[in-house]
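In what follows, a single structure is set out as structure tokens and then discussed.
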Amino acid sequence: MSDLSPIYPDDALIMAPLSGFTDLAYRRSARKGGCRFAFTEMVDAASLAYANGNGEVLLKRGEEEDFLAVQLVGAEPELLKRACAKLNEKDFSLLDFNLGCPVPKVVRKGAGAALGKNIDRAIECFRCIVKESKFVNTAKLRILDENDPAPTLTLCAGLVDSGAKALTIHGRTASHFYTGDVAFHIIKAVKEAFPQIPVIANGGVNSKESYDIIRRETGCSRVMLAQGIMGNPWLFGELSENRQPPTLAEWKEMVRFHVTQMIALYGEDSAMRQARKIVHDYLKGRGFAAGLRAEASTLSTLNDLDHLLSRTVIGAVSGTIRKILI
Ligand SMILES: Cc1cc2nc3c(=O)[nH]c(=O)nc-3n(C[C@H](O)[C@H](O)[C@H](O)COP(=O)(O)O)c2cc1C
């Protein structure tokens, strides 16, 4: 397995870590759509340290994956140290630290977005990771204030001084979760303050238009995609290589490929339960009949999926961002 580069080149398009989504099957579909830089799902330091949960599947890397980053979440130096020791047994392109997750079960433990707000503790934890991990270390954080760049810059300065080799900035505060305006000017302030490292802009990119805007407004050439590629892996190729949106046949082939990859990872029963939300995302915003989305929530076998796919016809696609070529 060869790593082309541990850190993103100019214009890199990066697939965000997406908890509950970016497993090997997800990444393989994204890579068919044109994605090169990808993340595992976020892994919890305590689960890794105590070998609870499904760490092995979460961390599974495909033979063909030239670049794969791993992301760790946690707020206890001792657990982070033990988690790093576990990760050191594996091969990743870099290890990123999560300082932005707003979900209650993470924030309750003082991790993710809660840790991002607790700047001294965040830096102590990040230093521990830099010391214990064999990988290049980066961090992904949310802005701390949408009006004032100062607190975000203080956090970033501490991370860079401690050895961060890149920073991804999600331009929304934790209270906004995953929706609403993105504070481009705060991302831009970080980009300008730390010219020595790649700063990656994140938030709200789901089309060529929003991609051009985030690049122009932040000055960042590197962009991380998240909700915009959920059900739309073709967006990578559309943005980076001017590829065309999929035809209906290509769309069907991708959905089936994704689900069969999931079956190979989890077995049919578990895969089909998990595939319901995935198929739902592929159907979303393309003008398909609404009944198909309801049907996606009941998929139990690959046969069910084939039956659903056999009845997809292109509906009123005009006005949707997620086009299918006719
Ligand atoms: C379902 C879901 C899961 C996510 N999981 C993670 C995660 O594990 N780690 C992380 O740093 N961010 C996670 N995020 C946040 C995204 O990486 C990204 O920062 C956020 O969605 C903003 O980008 P967007 O507006 O382009 O979606 C998640 C977002 C969603 C919607």
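The values are calculated or read from the model by the stated rules, or taken from the named source; none is laboratory data. All of these numbers come straight from a predicted model, not from anything done at the bench. As a convention, Cβ positions derive from the backbone with ideal geometry for all residues, glycine included, and neighbour counts pool all protein chains shown. Accessible surface areas use protein heavy atoms only, side chains included; no ligands, DNA or RNA. Shrake-Rupley method; radii C 1.70, N 1.55, O 1.52, S 1.80 Å.
A few comments on the model shown:
- Every listed requirement among (1) under 25 Å from T179 (Cα atoms); (2) outside any helix (DSSP H, G or I); (3) open to solvent by 60 Å² or more (accessible area, probe 1.4 Å); (4) at pLDDT 95 or above is met by V223 save one, (3).
- Subset of the range 176-207 [of a type in the set (G, A, S), farther than 16 Å from I14 by Cα and in contact (Cβ under 8 Å) with a residue 40 or more places away in the chain]: A183, A189, A193
- Conditions (1) farther than 30 Å from P195 by Cβ; (2) surrounded by fewer than 23 Cβ atoms within 10 Å (Cβ to Cβ); (3) at pLDDT 95 or above; (4) touching a strand residue (DSSP E or B) at 6+ places or on another chain (Cβ under 9 Å): number failed by D11: (1)
- Of the residues A25, A46, A38, the single one that is in the same structural domain as C128 (by TED's automatic domain parsing), open to solvent by less than 10 Å² (accessible area, probe 1.4 Å) and more than 28 Å from I197 (Cα to Cα) is A25.
- Residues that are within 13 Å of the ligand (Cβ to nearest atom) and open to solvent by 20 Å² or more (accessible area, probe 1.4 Å), drawn from the range 49-77: L58
- Qualifying residue in the range 121-138 (condition: farther than 22 Å from I197 by Cα, modelled with pLDDT of 95 or more and either of a type in the set (G, A, S) or in the same structural domain as I197 (by TED's automatic domain parsing) (or both)): yes
- Residue count, the range 259-287 (criterion: over 20 Å from the mean Cα position of the chain (by Cα) and of a type in the set (V, I, T)): 2
Conditions (1) away from the ligand (no atom under 16 Å from the Cβ); (2) in contact with a strand residue (DSSP E or B) (Cβ under 9 Å, 6 or more places away or on another chain), marked per residue:
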residue	(1), (2)
T218	no, yes
V255	yes, no
R273	yes, no
G285	no, no
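- Selection status of N88, within 16 Å of the ligand (Cβ to nearest atom) and among the polar types (S, T, N, Q): no
- Some residue of the range 157-165 being within 20 Å of the chain's Cα centre (by Cα) and either within 28 Å of S133 (Cβ to Cβ) or surrounded by 19 or more Cβ atoms within 10 Å (Cβ to Cβ) (or both): yes
- Positions within the range 143-156 being open to solvent by 10 Å² or more (accessible area, probe 1.4 Å) and within 25 Å of L18 (Cβ to Cβ), in sequence order: L144, E146
- Qualifying residue in the range 92-108 (condition: more than 14 Å from the ligand (Cβ to nearest atom) and among the hydrophobic types (A, V, I, L, M, F, W, C)): yes
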